[in-house]
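Below is one structure, written out as structure tokens; the observations come after it.
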Amino acid sequence: MAAERTPQLVVENLEVYYGAIKALHGISFHVYPGEIVTIIGANGAGKTSTLRAISRLVKVGPETRMTFEGHDLLAYPPHKVVSELGISHVPEGRRLFGNLTVWENLQLATFARKDPPEVIQRDFDMVFDLFPRLAERRNQRAGTMSGGEQQMLAVARALITARRMMLLDEPSMGLAPKLMQEMFEALKEINKEGTTILLVEQNANMALRFAQRGYVLETGNLVLEGPSQDLLANPRVKEAYLGG
Amino acid sequence: MSQVAQQLFNALQWGSFYALIALGYSMVYSILMLFNFAHGDVFMVATYIGYFVATLLLGLALSGSLPLSGVAVFVLTLLLTMFLASFIGIAVERVAYRPLRDAPRASAAITGLMVGIFLETLVLYLLGASRRNFPTLIEVNTFELGPVQVTNLKVLTIVLAVVLMVLLHLFIRKTKVGMAMRAMSYDYAVIPLMGVPLDLIIAFTFALGSALAGAAGVLFGMAYPVLDPYMGVLIGWKAFVAAILGGRGSILGAVAGGFLLGFIEILVAAVLTSTMRDLVAYSIVLLILTFRPYGLFGEEHSVRLRL
């Protein structure tokens, strides 16, 4: 009992409805501090809804319980999930502010932070270290950058907002294999610095190689879970998600 | 030639009123895609606030209780009115629009019209139908500026309007709240993920727009000192037209639209008769919109993205 770790994020019986349609049928999972965990699943399985629920962007069912570091997530409005609990979220499709420059996008991400300027400056240096391309393009409008650069900015922006845990929604989408590789290397680096990562992905192969543990989500239910190696070797996962 | 210059100068004064009010429409539209049809009546209430503040301060100054010069009374009136007017905007948003944030836009727009009628009737009920006279804060002097006859009040109006617009521009460009407002006009749904409280930015936008309407109210009251509860209706609609003419949601557009509308109106009145002013002026506006449906600086808005 004493050796057992306490999970950082606990999700119990998560239900999400869109009108009469049930997107999640009461799923439960947890993430330990410092882990990289992935939820894989097909389009429409409920991956995005899961992350949106943690960020408090959607209503959840009456039986749902979610805690983060012991705090009841349901007691926090969306902006305080970020600013007080420290959970950042890279949404599906990046969702940058295309009319703002790279620098302004990052600057806006500091809106609720109360750290002294030198701490924030150190974070800026860190993300520019991680993604040197962003430093070159700091005065460019985000909307005019390439897909890969935009994805970098989306991750950088999330990193500036909060860094206890990062929720990532399909960061590989639309990226060429080489860029994808670079992106995941940067994410590993971020994780090493102490940020827990919860990643949802359609690209199961990539995600399972990146994460330590995984869950498989099918039409609103978690059907499998385990260490990534086990899932990679699982015949059902192989057949359904890894192309046989 | 001097006739034209004279009219251009007058047009700048009216353009200032329209632009200051139009900015309130445009800022709210750009972040919420909502036409705040109560804004003309917010201007009316703000003018009444200015009337009460000015009367009070002037009374204190004349009785000697407060050692204030005329200019100090004006400055204090302007600042206090802007400050108090901002709460009218915040209240309208809080009471009328926030509960409808996820409702169809038409419901919110109609609510704005109802809030407008509510404010008109409330002022009518509280203050009665008799018209109020805005006190004289600054002695009006006329002087020659080249071929043009100008008054110090008109110059003051134009200069102050321009100063406020520059300040607004700097605010929107340089501050984090301003950045949040611009970001929100692009993608409303992601704002909370930046740790930014949505309600705060929305309230701030309404406050800013109403404060500008407050400034317009004081300047308007000084130039045209007769106040009545329906004074905000026509000027509100015209400022709304100016905002559309400039381009929905565009700050630069609101300013350009305001001044352009001022010019069109004054020039039509100068060339033709003043009874034909609105008839011809708004025909011209219709014609402009026929060729530029999104206004001078407007872009075809993308469909609001939802997360």
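Residue by residue, here is whether (1) touching a Leu at 6+ places or on another chain (Cβ under 6 Å); (2) over 21 Å from B:Phe259 (Cα atoms); (3) loosely packed, with under 14 Cβ neighbours inside 10 Å holds:
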site	(1), (2), (3)
B:Thr142	no, yes, yes
B:Ile158	yes, no, no
B:Ala207	no, yes, no
B:Gly232	no, no, no
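Which of (1) in contact with a Ser or Thr (Cβ under 8 Å, 6 or more places away or on another chain); (2) surrounded by 22 or more Cβ atoms within 10 Å (Cβ to Cβ); (3) closer than 30 Å to A:Leu106 by Cα does B:Ala183 not meet, given it meets every other one?
(1)
Just give me the residues in segment B:139-161 being under 22 Å from B:Gly70 (Cα atoms), free of Cβ contacts under 8 Å to residues at least 12 places away in the same chain and not in a loop (DSSP other than H, G, I, E, B), in sequence order.
First, pick out the residues of segment B:139-161 that are under 22 Å from B:Gly70 (Cα atoms): B:139-143, B:150-161.
Next cut, free of Cβ contacts under 8 Å to residues at least 12 places away in the same chain only: B:141-143, B:151, B:155, B:159.
Within segment B:139-161, B:Thr142, B:Phe143, B:Thr151, B:Val155, B:Val159 meet the criteria.
What residue, among those in segment A:81-122 that are more than 10 Å from every other protein chain (Cβ to nearest Cβ) and of a type in the set (Lys, Arg), is surrounded by the fewest Cβ atoms within 10 Å (Cβ to Cβ)?
My answer is A:Lys114.
Against the condition in contact (Cβ under 8 Å) with a residue 60 or more places away in the chain, closer than 19 Å to B:Met184 by Cα, under 22 Å from the mean Cα position of the chain (by Cα) and within 12 Å of chain B (Cβ to nearest Cβ), how does A:Thr161 come out, does it pass?
Judged against the criteria, A:Thr161 is a match.
Give the residues of segment B:178-198 that are closer than 12 Å to B:Met33 by Cα and within 7 Å of another protein chain (Cβ to nearest Cβ), sorted by residue number. Working first, answer last.
Residues of segment B:178-198 closer than 12 Å to B:Met33 by Cα: B:184-188.
Once the filter is applied, which keeps residues that are closer than 12 Å to B:Met33 by Cα and within 7 Å of another protein chain (Cβ to nearest Cβ), segment B:178-198 yields B:Tyr186, B:Asp187.
Given (1) in contact (Cβ under 8 Å) with a residue 24 or more places away in the chain; (2) within 12 Å of chain B (Cβ to nearest Cβ); (3) hydroxyl-bearing (Ser, Thr, Tyr), where does A:Thr67 come up short, assuming only one miss?
(2)
Determine whether segment A:4-16 contains at least one residue that is over 23 Å from A:Ala207 (Cα atoms), at pLDDT below 95, surrounded by fewer than 22 Cβ atoms within 10 Å (Cβ to Cβ) and not acidic (Asp, Glu).
yes
Kindly provide the set of residues from segment B:228-249 that are in contact with a His (Cβ under 8 Å, 6 or more places away or on another chain) and small (Gly, Ala, Ser), ordered by number. So that I can check it myself, show each step before the final result.
Quick first cut of segment B:228-249, residues in contact with a His (Cβ under 8 Å, 6 or more places away or on another chain) only: B:236, B:239-240, B:248-249.
Of everything in segment B:228-249, those that are in contact with a His (Cβ under 8 Å, 6 or more places away or on another chain) and small (Gly, Ala, Ser) turn out to be B:Gly236, B:Ala239, B:Gly249.
The values are calculated or read from the model by the stated rules, or taken from the named source; none is laboratory data. Just so it is clear, the model here is predicted, and its values are computed rather than measured. Because the Cβ atoms are built from the backbone with ideal geometry, glycine has one as well, and the counts that use them run over all protein chains shown.
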